[in-house]
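Chemist: The structure that follows is given in the form of structure tokens.
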Amino acid sequence: MLDLDASIYVAGHTGLVGSALVRRLQQAGARQLLLRTRAELDLRRQADVEHFFQQQRPQYVLLAAAKVGGIEANRTRPAQFLRDNLQIQTNVIDAAYRCGVRKLLFLGSSCIYPRNAPQPMSEECLLSGALEPTNEWYAIAKIAGLKMCQAYRREFGFDAITAMPTNLYGPGDNFNLTDAHVLPALIRKCFEAKLAHAEALLVWGSGTPRREFLHVDDLADACLYLMNRYSEEAAINVGWGTDISIAELARLIADEVGFAGALQFDRTRPDGMARKLLDVARMTALGWRPRIGLAEGVAATCEWYRAHQVQLRR
Ligand code: GDP
């Protein structure tokens, strides 16, 4: 069981996932959260990471620090996605093992499964085929992180586990249109289209790809659940097990925001994977289920955006 009196390091606590983990841990009564901003500790620098672990000696690590972004960011910054993620995860996992961390949770991503994997995608389809080219750099790095956790468990007996979340969204997401994922990007576009009394809203791609969306507070809950109950080599999927088309998502968000105009599809933009749906049988068998449905989660995230949009535009 996760000892809530012990020191718990949340790497990447200012991000979407990290901030949700902090909220969930605080709610659970964690007494010693160890947090460092990027300016305080650059996780890409091995010597700095080793020094931090030697000084602070955390007992648990939740590794939510990563370079992330939507389909356009992945396409235009392959080197950064590969390099930053490899460096961050290698430094943190190795330093955690060397400094006697009791348990570490690494976060993978549903995009590491092959492009033509049977849907819904089970944990077994990992490395069974070619990756989706629009995010292969990120995927390669995340696969290396997952394998590193497995290798350290096998060779050194280090209790490192991997959770594989589906597409996430929620408060604190990145709403910057050039590198955001689709859900926050569409929230912003709808607010701006409504404000400008625009006739139409531009949605990238054909609108037919299907995606599964999980509220980040559900993911944070799942992470704590796994820290308490899971200690195996295999990664474990975390999602709803149901999906929606991008066109349907755009309509849902437009209705929530109150944008009544048309949806226009920009087919010069890539669709990416046709479908990305997780098989969540393993997580369900462990006794965990998400709670925040998409309509409820989208409404709450729109509300959050409404309250923070002035700051976000600066
Ligand atoms: P993916 O899940 O890795 O493909 O990443 P995204 O969340 O960036 O994109 C999911 C799907 O939504 C893709 O088919 C995109 O083309 C589509 N999409 C539609 N409009 C947008 C938008 O404004 N921003 C982004 N990032 N994706 C969009």
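Chemist: Pro209 fails exactly one of the following numbered conditions: (1) within 15 Å of the ligand (Cβ to nearest atom); (2) within 22 Å of the chain's Cα centre (by Cα); (3) surrounded by fewer than 16 Cβ atoms within 10 Å (Cβ to Cβ). What is the number of that condition?
Modeler: The number of the failed condition is (3).
Chemist: If only one of Ile161, Ile236, Ile187 is in contact (Cβ under 8 Å) with a residue 12 or more places away in the chain and over 24 Å from Gln89 (Cβ atoms), which one is it?
Modeler: Sole residue among the options that is in contact (Cβ under 8 Å) with a residue 12 or more places away in the chain and over 24 Å from Gln89 (Cβ atoms): Ile187.
Chemist: Please go through (1) crowded, with 21+ Cβ neighbours inside 10 Å; (2) outside any loop (DSSP other than H, G, I, E, B) for Arg251 and return the number of the only condition it doesn't satisfy.
Modeler: Status for Arg251: all satisfied but (1).
Chemist: Does Asp218 satisfy the criteria of being more than 13 Å from the ligand (Cβ to nearest atom) and among the charged types (D, E, K, R)?
Modeler: Yes.
Chemist: Name every residue in the stretch 251-277 that is within 11 Å of the ligand (Cβ to nearest atom), out of contact with any Phe, Trp or Tyr (no Cβ under 9 Å at 6 or more places or on another chain) and under 23 Å from Arg306 (Cβ atoms), in order of residue number.
Modeler: Residue satisfying the conditions is Leu263 alone.
Chemist: Taking into account only those residues within the stretch 161-205 that are more than 8 Å from the ligand (Cβ to nearest atom) and of a type in the set (S, T, N, Q), which is surrounded by the most Cβ atoms within 10 Å (Cβ to Cβ)?
Modeler: Thr162
Chemist: Only one residue in Gln89, Gln59 is touching a residue at least 24 places away in the same chain (Cβ under 8 Å), open to solvent by 20 Å² or more (accessible area, probe 1.4 Å), more than 16 Å from the ligand (Cβ to nearest atom) and not hydroxyl-bearing (Ser, Thr, Tyr). Which one?
Modeler: Gln59
Chemist: Scan the stretch 18-41 for residues that are surrounded by 14 or more Cβ atoms within 10 Å (Cβ to Cβ) and without any contact (Cβ under 8 Å) to a residue 60 or more places away in the chain and jot them down.
Modeler: Gly18, Val22, Ala30, Gln32, Leu33, Leu34, Leu35, Arg36, Leu41
Chemist: List the number of the failed condition for Thr284; all other conditions in (1) over 16 Å from Leu219 (Cβ atoms); (2) assigned to a helix (DSSP H, G or I); (3) not hydrophobic (A, V, I, L, M, F, W, C) hold.
Modeler: Thr284 satisfies all of (1) over 16 Å from Leu219 (Cβ atoms); (2) assigned to a helix (DSSP H, G or I); (3) not hydrophobic (A, V, I, L, M, F, W, C) except (1).
Chemist: Another question about this same structure. When you go through Thr242, Thr268 one by one, which is the residue that is surrounded by fewer than 17 Cβ atoms within 10 Å (Cβ to Cβ), β-branched (Val, Ile, Thr) and under 20 Å from the mean Cα position of the chain (by Cα)?
Modeler: Among Thr242, Thr268, only Thr242 is surrounded by fewer than 17 Cβ atoms within 10 Å (Cβ to Cβ), β-branched (Val, Ile, Thr) and under 20 Å from the mean Cα position of the chain (by Cα).
Chemist: Being assigned to a helix (DSSP H, G or I) and either of a type in the set (Asp, Glu) or at pLDDT below 95 (or both) is the filter here, so list the residues in the stretch 234-248 that pass it.
Modeler: Matches in the stretch 234-248: Glu248 only.
Chemist: Right, something else. Please find, among Ala73, Ala117, Ala95, the residue that is within 16 Å of the ligand (Cβ to nearest atom), among the hydrophobic types (A, V, I, L, M, F, W, C) and more than 19 Å from the chain's Cα centre (by Cα).
Modeler: Ala117
Chemist: Hey, does the stretch 129-152 have a residue that's in contact (Cβ under 8 Å) with a residue 24 or more places away in the chain, surrounded by fewer than 18 Cβ atoms within 10 Å (Cβ to Cβ) and closer than 17 Å to Gly272 by Cβ?
Modeler: Scanning the stretch 129-152 turns up at least one residue that is in contact (Cβ under 8 Å) with a residue 24 or more places away in the chain, surrounded by fewer than 18 Cβ atoms within 10 Å (Cβ to Cβ) and closer than 17 Å to Gly272 by Cβ.
Chemist: Kindly indicate the residue of the stretch 98-114 that is part of a helix (DSSP H, G or I) and modelled with pLDDT under 95 and also farthest from the ligand (Cβ to nearest atom) among those meeting that condition.
Modeler: Ser110
The values are calculated or read from the model by the stated rules, or taken from the named source; none is laboratory data. Please read all numbers here as calculations on a predicted model, not as lab measurements. When we count neighbours, we look across all protein chains shown, and the Cβ atoms used for this are built from the backbone with ideal geometry, even at glycine. Accessible surface areas use protein heavy atoms only, side chains included; no ligands, DNA or RNA. Shrake-Rupley method; radii C 1.70, N 1.55, O 1.52, S 1.80 Å.
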